[in-house]
1. If you scan the stretch 350-359, which residues turn out to be without any contact (Cβ under 8 Å) to a residue 60 or more places away in the chain and either touching a helix residue (DSSP H, G or I) at 6+ places or on another chain (Cβ under 7 Å) or within 16 Å of ligand 3 (Cβ to nearest atom) (or both)?
2. When residues of the stretch 176-189 are filtered for being surrounded by 14 or more Cβ atoms within 10 Å (Cβ to Cβ) and more than 13 Å from ligand 2 (Cβ to nearest atom), how many remain?
3. Looking only at the stretch 385-399, how many residues end up being within 16 Å of ligand 2 (Cβ to nearest atom) and either more than 17 Å from residue 174 (Cβ to Cβ) or at pLDDT below 95 (or both)?
4. Which condition number does residue 31 fail, the rest of (1) surrounded by 15 or more Cβ atoms within 10 Å (Cβ to Cβ); (2) polar (S, T, N, Q); (3) touching a helix residue (DSSP H, G or I) at 6+ places or on another chain (Cβ under 7 Å) being met?
5. Condition test on residue 12, is it under 27 Å from residue 339 (Cα atoms), in contact with a helix residue (DSSP H, G or I) (Cβ under 9 Å, 6 or more places away or on another chain), in the same structural domain as residue 118 (by TED's automatic domain parsing) and touching a residue at least 24 places away in the same chain (Cβ under 8 Å)?
6. I need the full set of residues from the stretch 324-348 which are under 19 Å from residue 174 (Cβ atoms) and more than 16 Å from ligand 3 (Cβ to nearest atom), in order please.
7. Step by step: first the residues of the stretch 246-300, then only those that are of a type in the set (A, V, I, L, M, F, W, C) and within 16 Å of ligand 2 (Cβ to nearest atom), then the one that is farthest from residue 174 (Cα to Cα). Which residue is that?
8. Counting just the residues of the stretch 92-134 that are aliphatic (A, V, I, L, M), assigned to a helix (DSSP H, G or I) and more than 21 Å from the chain's Cα centre (by Cα), which one comes out surrounded by the fewest Cβ atoms within 10 Å (Cβ to Cβ)?
Amino acid sequence: MRQAELQCWLVDDSPTVRQVLLHLLHEQAPTWQLHEFASGADLLRQLSNSRAPELILIDLNMAGMDGIELLRHLAARSCNSQLVICSGAPVRVLQSVGELCRALQLKLLGTILKPVTIQAVTDLVRLVEQPQRTEPHKPVTAPLQVHEVLRALQQHQFYPVYQPIIDLRNNSLRGFEVLSRCSHPSRGLVPPDAFIGSLEKYGLIQLHTFDNLEMALRDLQGWLEQGLDLELSVNLSPQLLDDLTLPEQLCQLLDSYQIPYTRLHLEVTESSCAGTVATRLDILNRLVLRGFHLSIDDFGTSFSSLERLQELPFDTVKLDKGYIQRALTDEACRASVESTLMMARRLDMRIVAEGIETLAGWNMIHNAGCDMCQGYYVAAPMQAAQVLSWCQQWQQHYH
Ligand code: G
Ligand code: G
Ligand code: MN
């Protein structure tokens, strides 16, 4: 986005708020072209006569046409401006307005809580002017077909990679999340998004998970022998929770490598416990009785609350990377992360923040009192052969 051309409109029925916002924006982003509107109707009139601006700051509680109604009109005109909701409304209202924007397919960049602070405006300007970070080479790959996944299993093309999980109280390494990769003879490195779905579809996910886990346990055994004190987290597809023999199978496998069950965290997504059926509850409870740890993965991507999830035997919550990244720029979302952290402490659950890519992300969750973190800022997932030297480096520099 070329800064010099950036148009920023703001609509608020309070002249004082408009004055403060204009002043702060002018200070922080002197090249932006600012336009103020006292009502939604005025703004819509201008929109009919000129090109849509890059950015619109919208007050919710306005006399006449309120902000929600204005959003509806903007959606009806397929407005593709980035929107910022700027309001003194309670956080839960702002969150549900965020959901509304998504439903209306509007581009919500973030929320600013009133009274407006310099920090909030500075964050907003930085966000608009910095191009969004893209993930390091995540190719979009077509899903593997049935013969490809079968061949990959037979020819051992799947292998585990490991992403560190750090304890934020003392910067120590707690362990690794095990993620799967496929090295395809013609397609090269295939990411899990292209094969987990296929493995599930063709009933091969259990076979793959146990293969992957076995390789990981062999690696872990080696690291424990080297004196490292590590835990592993593995992802369990919801399908695995439909087989009542899962706990016994896991115990047998860990026994054969003499790994204590308490070294393993089993990650299950939030959505796969929604409306939990008896079989899944049976399995989850037996796993906990044996000593395995259970984590809720991707928390923040659906509507469950921690209060409801506490009825299930989880000891860890992993905050989804999208939720964490939104919290960096969206004050309502940050407040939601903070209240999730408070609730987790009351429920005696550990929280792992995922997707920490920057120092700003690290600082935010550290200040919020989060227990653990994981993300490219610490390290991207790595192959087993790199783990020992990475651990040594981490211990030398950060611990
Ligand atoms: O590894 P990435 O870095 O790309 O993972 C993408 C998604 O695939 C994540 O949601 C992750 O949980 C999932 N995933 C990665 N490896 C496995 C696996 O071995 N089993 C299951 N069920 N999911 C996995
Ligand atoms: O199981 P889960 O869906 O939580 O899997 C974690 C996913 O997040 C994997 O695809 C992993 O490669 C990815 N990931 C790990 N760290 C980061 C990060 O800092 N930023 C982003 N965008 N993705 C990450
Ligand atoms: Mn996971």
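1. Selection gives 350, 351, 353, 354, 355, 356.
2. Counting residues in the stretch 176-189 that are surrounded by 14 or more Cβ atoms within 10 Å (Cβ to Cβ) and more than 13 Å from ligand 2 (Cβ to nearest atom) gives 4.
3. Residues meeting the conditions: 2.
4. The failed condition is (1).
5. Spelling it out, it is not the case that residue 12 is under 27 Å from residue 339 (Cα atoms), in contact with a helix residue (DSSP H, G or I) (Cβ under 9 Å, 6 or more places away or on another chain), in the same structural domain as residue 118 (by TED's automatic domain parsing) and touching a residue at least 24 places away in the same chain (Cβ under 8 Å).
6. Taking the stretch 324-348 as the starting set, the residues that turn out to be under 19 Å from residue 174 (Cβ atoms) are 324, 341, 344-345, 348.
Once the filter is applied, which keeps residues that are under 19 Å from residue 174 (Cβ atoms) and more than 16 Å from ligand 3 (Cβ to nearest atom), the stretch 324-348 yields 341, 344, 345, 348.
7. Among those residues, the one meeting the criterion is 273.
8. This residue is 118.
The values are calculated or read from the model by the stated rules, or taken from the named source; none is laboratory data. Worth saying up front: this structure is predicted, and the values here are computed from it rather than measured. With ideal geometry, Cβ positions are generated from the backbone for all residues, glycine too; neighbour counts draw on all protein chains shown.
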